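Right, one structure below, let's go through it.
What follows is calculated from the coordinates using simple rules that are stated; it is not laboratory data. Fair warning: this is a prediction, and the values are worked out from it, not measured in the lab. Methodologically, a virtual Cβ is constructed for each residue, glycine included, from the backbone with ideal geometry; neighbour enumeration extends over all protein chains shown.
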There are 2 protein chains.
Amino acid sequence: MNPAIAATTGSLIRALHARRKATTIDLGLGEPTLMPKVEYFERATEWVAEHGCRYSPNIGFEDVRSAIARHYDYPGLNDPGNVCITTGSQEAVYLTIKTLLDPARDEILLVEPAFPVYAKIAQVEGIALRRVVLEPKDGCALDADTILAALGSRTRMLILCSPCNPTGRVISKAGAKKIADTLLARPGPPVYLMHDEIYRELVYTDDAGELGKVYPYTIAINSLSKSNSLTGLRLGWLFAPLDVMPQIVKMHGWSSSCASTFAQRIALEIFAATDLATARPWYAKQLERATAAARENGLEYIEPEGAFYLCVRVGDPKTLQFVESLIDERDVIAIPADNFAASLSGWLRTSFVAEIQDVREGYRRIAEHAAAVVRSR
Amino acid sequence: MNPAIAATTGSLIRALHARRKATTIDLGLGEPTLMPKVEYFERATEWVAEHGCRYSPNIGFEDVRSAIARHYDYPGLNDPGNVCITTGSQEAVYLTIKTLLDPARDEILLVEPAFPVYAKIAQVEGIALRRVVLEPKDGCALDADTILAALGSRTRMLILCSPCNPTGRVISKAGAKKIADTLLARPGPPVYLMHDEIYRELVYTDDAGELGKVYPYTIAINSLSKSNSLTGLRLGWLFAPLDVMPQIVKMHGWSSSCASTFAQRIALEIFAATDLATARPWYAKQLERATAAARENGLEYIEPEGAFYLCVRVGDPKTLQFVESLIDERDVIAIPADNFAASLSGWLRTSFVAEIQDVREGYRRIAEHAAAVVRSR
């Protein structure tokens, strides 16, 4: 057995999700509830009827990569050769961390709160990890100065998720520019910036920084999962500089060969129709209603600028224990936010993708449970 | 950059495939040319219209795993919990090698000729590899005694592909039993036996051993790619003992999260219809015609008992150089078989999945080229 794998803990989010019952108000899993457009599946099926369903090149089909490169148009990353199609963004994250760092000497700087998977992959791959933890007293703002001050001499990769899972905070254009300028001015080999931008299409501010636009060593990662309600399709991609792409594609070949041909046809249809941010107004409306419901129930929250999560404060520092009793006693699933950063002890991550009356009822029960826990002390 | 990845060479098979032109007789890539049944895609699309396309559990959907466990019915491995659904068999191979071995002390015994990917993954993961090389003078027979004699004290995994890519040789029932009995009698922790059985449904002998039937520490790996002409669907699976499955599923979560929900629906349809070996008679007929064509052209070959490859002897020990001139001068792609084992220097792997007149013409040109190379010396 590989001791590095045995030493990691499994996904808490998936474990809590597994406790879902038919009656449960589920504010846990980060998955859209909107239905995907079935016509894309129908057209991809027609294509298979004509062409079969054969391997794609390891890197992905040229037409799909070309459509993605053109759509995002990141300077220096806008050639089809800058795009590798992956099995969801998860594989893209894995390939990026695994391929671009030397475990013997390189270090990651991870901006937290963060989805736990980055740290788990670093642990499995034996790569040193440094953390910069943003504080709820600052609204967990993705502050460029705070992030840059944490760079170490061995830092060869900065990992940033913006819009952030779990806070929904977004790095500003000025913040992105400051990070880019500082990293470019740094002597020595480039620091790769893994920008997990999986919530990029769900942004509710005009001031969203895009690292790919300003920093040529950006590894931008995205997928159809969140924008198009296609979590089960497993279609993602990464942008990377041309000089490192052959190594990434080679590792992709060993870990999964290539992404699904069928899923790539669906991606082609979606990019041809520029159907990527169509759901944004619905999410913006949900956010408005969810924050109103949080306020009505007296719940303190971090104001999101993107994604579909709301971090709410329940106070109890035994956050996991709080969540377990919340499930047992009130049939509501939420995620302990200290799973994403120690600074979020006493906070929950809630998804606002459920029917709005369920989100409201969920917040009512969370507030009620928080009050009961305080009383029982 | 990860130096272990940088040190591996890329896929020669894919590189040669990339030289294909419209006129090329392609006997290179290991991919069926039969068309998949489109009705499975239609039914899966109908399911998506009703249910959406959401995440599956990391391990895969229970109904799919249950259908696979029941179909193969390997003793001790026939519970749905013994099956993990993966992104093609490639990810299954990666997870198995990555998870079940400790790079600090364990060693793999690889039976060659073998698909190069096993050795590349071992190299990337820093796992020691021992080889047992079968010889063409013995028809590259998968001889249990030869294999078992090569076990070392640190061997914790035996990797065997039967039917073999590239030779098409199959381990016998008695051979499988002998391997199982010897490994079970060995003191110390179990030796895992990774049985890559991706060509299991394409077997032309009644005496095909199945390791999963006789050895409980078998990691049996398969997919829909070869049996159902669905290489581009990326739907595979692995069987593993219950005690190691949580570690494998955890690593699967980090590397790709879960297999495609859409592809799993197609798998469910195929297993419900027991539509897995339907194409076998067509391949058996192709084999008969391909070996006849090889004989007509005076080409020595290894008699396959499964899969869809024929290894033919061209004599030239500079096999890659021979293949490159074969492509340049005669517009035929075949794979240097010494890519699979040093013992196959002077041999080519040819696929007999093309139209039979193309296979015949390919062999004619290969024989002609071999004769010309001999004359030019």
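The table below lists the values:
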{"read-out": "Mean ellipticity per residue at 222 nm, deg cm²/dmol - from DSSP H runs of n ≥ 4 across the protein assembly as shown, formula -39500 (n - 2.57)", "value": "-12500 deg cm²/dmol"}
{"read-out": "Mean-position separation - Cα centroids, region B:215-244 and region B:146-208, in angstrom", "value": "16"}
{"read-out": "Sequence-distant residues sharing a close amide H with B:Ala220 (under 5 Å, placed H)", "value": "B:His195, B:Phe239"}
{"read-out": "Peptide A:86-96 - average C-beta neighbours from other chains (10 Å radius)", "value": "4"}
{"read-out": "Calculated label separations, A:Leu320, copies of the chain, 7 Å along the beta-carbon direction, nm", "value": "5.1"}
{"read-out": "Backbone HN-Hα couplings from phi across region B:291-308 [Karplus 6.51/-1.76/1.60, Hz, Gly and Pro as x]", "value": "5, 4, 5, 4, 4, 4, 9, x, 8, 5, 8, 8, 6, x, 10, x, 6, 9"}
{"read-out": "Positive-end residue of A:Gly152, A:Val93, A:Val38, charge dipole of region A:38-272 with Cβ unit charges", "value": "A:Gly152"}
{"read-out": "Listed residue (B:Asn82, B:Ser56, B:Tyr192) projecting farthest to the positive dipole end of region B:38-272, Cβ model", "value": "B:Tyr192"}
{"read-out": "Surrounding net charge for B:Ala341, when Lys and Arg each add one and Asp and Glu each subtract one, Cβ distance under 10 Å", "value": "-2"}
{"read-out": "Nonlocal amide H pairs with B:Gly76, under 5 Å, H built at 1.01 Å", "value": "none"}
{"read-out": "Interchain or long-range residues, amide H under 5 Å from A:Gly306's placed H", "value": "A:Tyr204"}
{"read-out": "Cα-Cα pairs of region A:38-272 separated by more than 23 Å (percent)", "value": "47"}
{"read-out": "In Hz, Karplus ³J(HN,Hα) per residue of region B:337-344 (6.51, -1.76, 1.60; θ = phi - 60°; x = Gly, Pro)", "value": "6, 6, 5, 9, 5, 4, 5, 9"}
{"read-out": "DSSP bridge orientation in the protein assembly as shown - percent antiparallel, rounded to nearest 5", "value": "45"}
{"read-out": "Acute angle (nearest 10 degrees) that the helix A:356-375 long axis makes with the longest principal axis of chain A, alpha-carbon atoms", "value": "50"}
{"read-out": "Using alpha-carbon coordinates, inclination of helix B:319-330 to the longest axis of chain B, degrees", "value": "70"}
{"read-out": "Residue among B:Tyr94, B:Tyr309, B:Tyr199 with the largest mean-square fluctuation in a Gaussian network model of chain B, springs linking Cα atoms under 10 Å", "value": "B:Tyr94"}
{"read-out": "Packing-based ranking, highest mean first, of B:18-27, A:310-319 given that Cβ atoms within 10 Å are counted", "value": "A:310-319, B:18-27"}
{"read-out": "Net charge over other residues, Cβ less than 11 angstrom from the Cβ of A:Tyr204 (K, R count +1; D, E count -1)", "value": "-3"}
{"read-out": "Relative packing of A:155-164, A:271-280, which averages over residues the other C-beta atoms within 10 Å, highest first", "value": "A:155-164, A:271-280"}
{"read-out": "Pairwise centroid distance, computed over Cα atoms, of region B:308-345 with region A:26-50, Å", "value": "43"}
{"read-out": "Calculated label separations, A:Arg131, copies of the chain, 7 Å along the beta-carbon direction, nm", "value": "4.5"}
{"read-out": "Assigned charges on the beta-carbon of Lys, Arg, Asp, Glu; region B:38-272 dipole about Cα centre (debye)", "value": "560"}
{"read-out": "Sorted by Cβ neighbour density within 10 Å, fewest at the top, the residues A:Ser153, B:Ser325", "value": "A:Ser153, B:Ser325"}
{"read-out": "Packing-based exposure ordering (other Cβ within 10 Å, fewest first) of B:His17, B:His252", "value": "B:His17, B:His252"}
{"read-out": "Column: log10 I(q)/I(0), Debye, Cα scatterers of the protein assembly as shown, q = 0.06, 0.07 Å⁻¹", "value": "-0.37, -0.51"}
{"read-out": "Antiparallel %, DSSP beta bridges [both residues in region A:38-272], to 5", "value": "25"}
{"read-out": "Average beta-carbon neighbours from other chains, 10 Å sphere, peptide A:39-49", "value": "5"}
{"read-out": "Centre separation in Å (Cα based) which lies between region B:88-137 and region B:59-87", "value": "24"}
{"read-out": "Angle in degrees between helix B:38-51 and the longest Cα principal axis of chain B, rounded to the nearest 10", "value": "30"}
{"read-out": "Per-residue average of Cβ from other chains inside 10 Å of B:257-267", "value": "6"}
{"read-out": "Net charge contributed by nearby residues that have their C-beta within less than 13 Å of A:Ala307 (K/R +1, D/E -1)", "value": "-1"}
{"read-out": "Label point 7 Å beyond Cα along the C-beta direction, distances from B:Ala292 to other copies (nm, shortest first)", "value": "7.7"}
